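Here is the structure we will look at.
The values are calculated or read from the model by the stated rules, or taken from the named source; none is laboratory data. All values derive from a computational prediction rather than experimental measurement. Using ideal geometry, Cβ is built from the backbone for each residue, glycine included, and neighbour counts are taken over all protein chains shown. The area values use the complete protein model at the heavy-atom level, side chains included, leaving out ligands, DNA and RNA. Shrake-Rupley method; radii C 1.70, N 1.55, O 1.52, S 1.80 Å.
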Amino acid sequence: MTDPLPPTPVLETARLILRPYDLRDVDAVQCIFPQWEVVRWLHAGVPWPYPHDAAATNMADCLARRARGERFFWAITLKGGDDELVGRIDLWPFDGKVRDMRGFWLAPELHGQGLMTDAAEAVTGYAFEVLRWPFLYLTNAVENRASARVKEKQGAELIAVEPREYVSGIGQSQVWRLDRDAWLARRANPCA
């Protein structure tokens with residue numbers, strides 16, 4: 001058993017505040033999440049069609065995992081906004097087996113604005129600069145080019161393609177590895 005993770009910190013970017021995910025987010029999740037654009041490339045464990053109480057059920061599970069120190073869960077909110085959740089990003093340590101350590105989703109009307117790259121950079125910074133993790137394994141459906149682009153912009157290396165079950169069915173998953181030293185070097189010299 002690894003040591004429990006520390007409490008979820010608030011992280012900020014120029015456009016976002018990532019705050020700990022909590023009960024006030026249930027209604028926003030239940031409103032935003034059950035859209036095909038959001039769920040189709042998520043793992044097959046996500047219930048679909050999304051039940052009317054699924055956000056509350058998932059929240060209870062997330063809060064229990066957070067209390068045990070297993071994962072970080074952040075609500076993505078717009079800076080200068082009303083503190084309302086517009087997406088979520090999660091981070092968890094490598095278990096020695098499953099090559100996947102971060103997941104995210106964002107309200108469809110906010111896609112294509114670089115917001116998820118901002119959120120991913122903040123969470124990656126926390127993983128590498130504060131927690132000092134040596135690497136992150138990241139995944140996405142091959143068809144999910146927007147998610148792959150976030151990894152490419154971060155400097156992750158594509159290391160495998162393997163089958164995976166998604167809400168939309170069986171597909172191919174890209175597995176990426178982002179190393180701490182390479183990410184820190186890119187941040188220190190963004191023009192290189």
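Could you list, in sequence order, all residues of segment 107-124 that are in contact (Cβ under 8 Å) with a residue 12 or more places away in the chain and either closer than 13 Å to Trp183 by Cβ or not hydrophobic (A, V, I, L, M, F, W, C) (or both)?
We begin by selecting, within segment 107-124, every residue in contact (Cβ under 8 Å) with a residue 12 or more places away in the chain; these are 107-108, 110-112, 115-124.
Selection gives Pro108, His111, Gly112, Thr117, Asp118, Ala120, Glu121, Ala122, Val123, Thr124.
Inspect all residues belonging to segment 155-169 and state whether any of them is closer than 19 Å to Glu37 by Cα and among the acidic types (Asp, Glu).
Within segment 155-169 (the criterion being closer than 19 Å to Glu37 by Cα and among the acidic types (Asp, Glu)), the answer is yes, since at least one residue qualifies.
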| request: Kindly establish whether Trp48 is within 30 Å of Glu162 (Cα to Cα) and either assigned to a strand (DSSP E or B) or not hydrophobic (A, V, I, L, M, F, W, C) (or both). | output: no
| List pairs: first in segment 1-26 and in a helix (DSSP H, G or I), second open to solvent by less than 50 Å² (accessible area, probe 1.4 Å), Cβ under 6 Å, 6+ apart or cross-chain? | Asp25/Ala75; Asp25/Leu85; Val26/Ala55; Val26/Met59
| query | Does segment 114-125 contain any residue that is of a type outside the set (Lys, Arg) and over 21 Å from Pro190 (Cβ atoms)? | reply | no
| note | Quick count over segment 155-172, residues being open to solvent by 30 Å² or more (accessible area, probe 1.4 Å) and within 11 Å of Val142 (Cβ to Cβ), is 6
| remark: Counting only residues in segment 173-191 that are closer than 13 Å to Trp133 by Cα and of a type in the set (Lys, Arg), the one most open to solvent (accessible area, probe 1.4 Å) is identified as Arg177
| Residue count, segment 50-97 (criterion: under 15 Å from Arg15 (Cβ atoms), in contact with a Leu (Cβ under 9 Å, 6 or more places away or on another chain) and either open to solvent by less than 30 Å² (accessible area, probe 1.4 Å) or at pLDDT below 95 (or both)) | 7
| request: Please name all residue pairs, on different chains or six or more residues apart, with Cβ atoms under 6 Å, provided the first residue is in segment 63-78 and is of a type in the set (Gly, Ala, Ser) and the second residue is at pLDDT 95 or above and in a strand (DSSP E or B). | output: Ala75/Arg19; Ala75/Leu85
| said: Please count how many residues of segment 48-103 are closer than 11 Å to Tyr21 by Cα, of a type in the set (Lys, Arg) and more than 14 Å from the chain's Cα centre (by Cα). | reply: 1
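Which one is surrounded by the most Cβ atoms within 10 Å (Cβ to Cβ) among residues in segment 8-28 that are among the hydroxyl-bearing types (Ser, Thr, Tyr) and under 15 Å from Arg71 (Cα atoms)?
Here is the first cut: in segment 8-28, the ones among the hydroxyl-bearing types (Ser, Thr, Tyr) are 8, 13, 21.
The next check asks that each one be under 15 Å from Arg71 (Cα atoms); those that pass are 8, 21.
Numbers: Thr8: 19, Tyr21: 25.
Checking each candidate, the answer is Tyr21.
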